[in-house]
Structure formats: C-alpha cells, structure tokens
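Worksheet: the structure to be examined is printed underneath.
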Amino acid sequence: MADTQESPAGGAPPPGGGAAPPDNGWRKEYWKENLRLMVVLLVVWFVVSFGAGILFVEQLNEVVIAGFPLGFWFAQQGSIYTFILLILIYALRMDKLDDEYGVSERNDDGSRA
C-alpha cells in the first residue's frame, strides 16, 4: 500500500506532505474588514432610507425645497442617491483593501486585469 495521507474531509493529502495547514490569518482579517465595511454602509443606507424616508418623514416634511417636502424627497430620491454613493464608496474601499492584502486584480503595470 502507498503511504499517503488524506485530509479530514477525505480529499487529497494536505500540501507539504502532512505539514501544518497554511496560515489563513490574513484571509480572516481581510474578510473581517470586508464585513465591517458592509455593515457600516448598510447601517448608513438603513438610516437614510428607513429613518429619513419613514420614521422622521413628518419632521422632514416641514422643510420644503423647490416645492417638495424634504421627507418626500428622501423617500423617493435620497435613498437611491445614497445607495449609489455607497456602492461607489464600497468599490473604492474594497479596491484599496485588495491592494493592502495583495489580492488585487491588477497587472504588473498597475492597470486592471
């Protein structure tokens, strides 16, 4: 019989002939920062869309801009503009985070792959 080791999942032997598993600490940190960013951005979106568009609509409707109550504007337009802005912030921040952790999809010359 051949002397091979199988991984606990029953798949191929671990890399390095049974050595310790690779250090995944950076992956956990990367994912932790990604999740933190997503939670912060989703909270901002919730506050703007639900808070300004529903919870505080009466107070905001007392302010009128260009003939439209501010609460109505937040419910109809503000949450959409905020969401688009948050997508842009997420894309830029994740691009920076990818560069920090060396997982960016850039070529050697710095251009996108």
Next on the checklist: Would you confirm, using the coordinates I've provided, whether Ile89 is surrounded by 12 or more Cβ atoms within 10 Å (Cβ to Cβ) and not in a loop (DSSP other than H, G, I, E, B)?
Outcome noted: yes
Checklist entry - In the list Val64, Val48, which residue meets the criterion of being among the hydrophobic types (A, V, I, L, M, F, W, C) and out of contact with any Ser or Thr (no Cβ under 9 Å at 6 or more places or on another chain)? => result Val64
Checklist outcome for this item: Within region 68-82, residues exposed (fewer than 15 other Cβ atoms within 10 Å of the Cβ) and at pLDDT below 90 come out as Phe68, Gln76, Gln77, Ile80
Checklist entry - How many residues does region 92-113 contain that are among the hydrophobic types (A, V, I, L, M, F, W, C), touching a residue at least 12 places away in the same chain (Cβ under 8 Å) and assigned to a helix (DSSP H, G or I)? => result 2
Item to check | Tabulated pairs, region 73-91, first among the aliphatic types (A, V, I, L, M), second surrounded by 14 or more Cβ atoms within 10 Å (Cβ to Cβ), C-beta under 6 angstrom, 6+ apart or interchain | outcome: Ala75/Gly53; Leu86/Leu41; Leu86/Trp45
Checklist outcome for this item: In the set Leu92, Leu41, Leu85, Leu37, the lone residue that is closer than 30 Å to Ser111 by Cβ and touching a Lys or Arg at 6+ places or on another chain (Cβ under 6 Å) is Leu37
Checklist entry - Which one of the conditions (1) farther than 29 Å from Ser111 by Cβ; (2) in contact with a Gly (Cβ under 9 Å, 6 or more places away or on another chain) does Trp26 fail to meet, given that it meets all the rest? => result (1)
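The values are calculated or read from the model by the stated rules, or taken from the named source; none is laboratory data. None of the values given here were measured: they were computed from a predicted structure. Ideal geometry is used to build each Cβ from the backbone, glycine not excepted, and the neighbour counts take in all protein chains shown.
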